[in-house]
Amino acid sequence: NNKFVYNLYAVIYHHGSNLGYGHYTASCKINESGKWYKFDDKLVSEEYEGNICNNDAYVLFYKRQEF
């Protein structure tokens, strides 16, 4: 029985009307603290986990849990 569990650890967002133009940001989870942070050019801020998956999410990164 091959059941796997994956943990989301990063998301890239695209803000704009099409993929050729716009602005990209990212959110990443820091393993040690379990907190999420948003990266927007030079700005870094703590992010509420409930805001991570939204309509701007473009690429999601997962890591498979080891059992």
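Derivation of every value follows stated rules applied to the coordinates shown; laboratory data play no part. Everything numeric here is computed off the predicted structure, so don't read it as measured data. Ideal geometry is used to build each Cβ from the backbone, glycine not excepted, and the neighbour counts take in all protein chains shown.
The residues in the range 28-67 that are more than 23 Å from residue 4 (Cβ to Cβ), surrounded by 14 or more Cβ atoms within 10 Å (Cβ to Cβ) and of a type outside the set (Lys, Arg) can be counted, and the count is 6.
Here the range 5-18 is the region considered, the condition is being surrounded by fewer than 13 Cβ atoms within 10 Å (Cβ to Cβ) and touching a residue at least 12 places away in the same chain (Cβ under 8 Å), and the residue that is farthest from residue 57 (Cα to Cα) is 5. The residue pairs whose first member lies in the range 32-54 and is free of Cβ contacts under 8 Å to residues at least 24 places away in the same chain, whose second member is of a type outside the set (D, E, K, R) and part of a loop (DSSP other than H, G, I, E, B), and whose beta carbons are closer than 8 Å, counting only pairs six or more residues apart or on different chains, are 36/30; 36/48; 36/52; 37/30.
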